[in-house]
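Asks: One structure, as structure tokens, below. Some questions next.
None of the figures in this text is laboratory data; all of them are computed from the coordinates on show. Just so it is clear, the structure is predicted and the values come from calculations on it, not from any experiment. Virtual Cβ from ideal backbone geometry, glycine too; neighbours counted across all protein chains shown.
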């Protein structure tokens, strides 16, 4: 039994951020009902753009879509029809949480904004993710994690090396940050409701997640540190990237320079003379003499003399923090990730396997549930409606009237 067992969540979302919030809550035991329009969530078709296959037009698996939508139930609902909206409002009367990324104007037009619902459904926790937030000049602007999180937060411009090209990030980075924040807020609101009996509005945005994630960066820049920078301008030479003889890169993280420089110089670099070199003896000395780049270049030459495996043994023996700059193809085989169940594999009916990540926190008394990939659009419509008290005749009439839909292939 998951920690959110007994919590019913209506997931009125498309694309990534809000959908991911629903998936996290589902993995923690909530009954999450994904409400799609009759044509389905448009993200169902996006996998091939990232070279992620769709098996048999979605009937035997859609890994890209499953990544944000596993372990849910599936209801296809026409919110623009009177009867479809009546079904939705009936669902709300039994729900604990509504998650949505619909923009305020769209929600208001449908009559289901937080202000529209809070009196009728006072116990409802209303979770909203937007691109930029509901206030300010960008409030109505469409936003994706590439734009609202990655570009506007400063990450795109200032994390790239000065003078180099910008880096296109992987899809979903900001969405998953924002989703985790929204789930935390929703769970906090549920705790508060347990004592007050009242629901609440919980808001997150991609831009807000970016501001929080990059807060050390903008604090540094505000205080006068130049950004972007090169790898010859680290905070410390002992907290920096280095390339080995075999072309592998790693991050050295001996962050307490004044305490650790002597160990790095003697135990790792094999250069005890550098430990007492007046150019490098303290972080203040490096700063005052402007010898940071000189020091990094010396270390570059030394690290280029051995392979990563050789350096890894030396740094491990010296008890110095470091980590290889892994590729995604290495990550999905990382024994640390697999043994801790950070990453797991799901096998589809056609025998193909795909790696997924569990929710970003584990609860000791609640083992991970069996992973259930997304069904077709409307895959559980009949089951959900029957639970709500609709008869077979009423369900048939709703389907014939275009108010709901049963299992439908909406993948192109």
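Asks: Using Cα pairs closer than 8 Å and at least 6 residues apart in sequence, work out the relative contact order for the chain, in percent.
Replies: 21 percent
Asks: Report, in degrees rounded to the nearest 10, the 0 to 90 angle that the Cα long axis of helix 173-196 makes with the longest principal axis of the chain.
Replies: 60 degrees
Asks: Counting only C-alpha contacts under 8 Å and six or more residues apart, can you give the relative contact order of the stretch 239-329 as a whole percent?
Replies: Over the stretch 239-329, the number comes to 40 percent.
Asks: Mind sorting 116, 263 by how few other Cβ atoms lie within 10 Å of their own Cβ, fewest first?
Replies: Lowest to highest Cβ neighbour count: 116, 263.
Asks: Next question. How large is the convex hull of the Cα atoms of the stretch 4-126 per residue, expressed in Å³ as a whole number?
Replies: Residue-normalised Cα hull volume stands at 103 Å³.
Asks: Put one equal scatterer on each alpha carbon of the stretch 239-329, apply the Debye formula with no solvent term, and list log10 I(q)/I(0) at q = 0.12, 0.19, 0.20, 0.26 1/Å to two decimals.
Replies: -0.35, -0.86, -0.95, -1.51
Asks: What is the fewest-to-most order of 327, 346 by other Cβ atoms lying within 10 Å of their Cβ?
Replies: Exposure proxy ranking, most exposed first: 327, 346.
Asks: Which of [x] 34; [y] 39; [z] 18 is the computed percent of Cα pairs over 38 Å apart for the structure on display?
Replies: [x]
Asks: Take each of the peptides 203-215, 102-114, average the number of other beta-carbon atoms within 10 Å over its residues, and list them starting from the highest.
Replies: Top to bottom by mean Cβ count within 10 Å: 203-215, 102-114.
Asks: Return one number: the angle in degrees, 0 to 90 and rounded to the nearest 10, between the long axis of the Cα atoms of helix 17-27 and the longest principal axis of the Cα atoms of the chain.
Replies: Taking the Cα atoms of the chain, the angle to 17-27 is about 80 degrees.
Asks: Take each of the peptides 307-318, 127-138, average the number of other beta-carbon atoms within 10 Å over its residues, and list them starting from the highest.
Replies: For the peptides 307-318, 127-138, the packing ranking is 127-138, 307-318.
Asks: Name the most mobile residue of 95, 359, 159, meaning the one with the largest mean-square fluctuation, in a Gaussian network model of the chain with Cα contacts below 10 Å.
Replies: 159
Asks: Taking only DSSP H segments of four or more residues, each worth -39500 (n - 2.57), what value at 222 nm results for the chain once the sum is divided by all its residues, to the nearest 500 deg cm²/dmol?
Replies: When only DSSP H runs of four or more count, the value is -10000 deg cm²/dmol.
Asks: Sticking with this structure for a sec: Quick one: Kirkwood hydrodynamic radius for the stretch 348-412, alpha-carbon pairs, angstrom, one decimal?
Replies: Kirkwood hydrodynamic radius for the stretch 348-412: 15.1 Å.
Asks: Of 63, 360, 37, which has the largest mean-square fluctuation in a 10 Å C-alpha GNM of the chain?
Replies: 360
Asks: When all C-alpha to C-alpha distances in the stretch 132-220 are sorted into bins of 10 Å, what percent of pairs does each bin hold, rounded to whole numbers?
Replies: 17, 39, 29, 12, 3, 1
Asks: Ok, one more. Hey, what D do you get for the stretch 263-403 in µm²/s if you plug the Kirkwood alpha-carbon radius into Stokes-Einstein at 10 °C and 1.306 mPa s?
Replies: Result for D is 74 µm²/s.
Asks: How big is the antiparallel share of DSSP beta bridges in the chain, given as a percent to the nearest 5?
Replies: The antiparallel fraction comes to roughly 45 percent.
Asks: Something else now. Please order 328, 177, 218 by the number of other Cβ within 10 Å, starting at the fewest.
Replies: 328, 218, 177
Asks: Angle, helix 292-303 long axis vs. longest principal axis of the chain, Cα atoms, 0 to 90°, nearest 10?
Replies: That works out to roughly 90 degrees.
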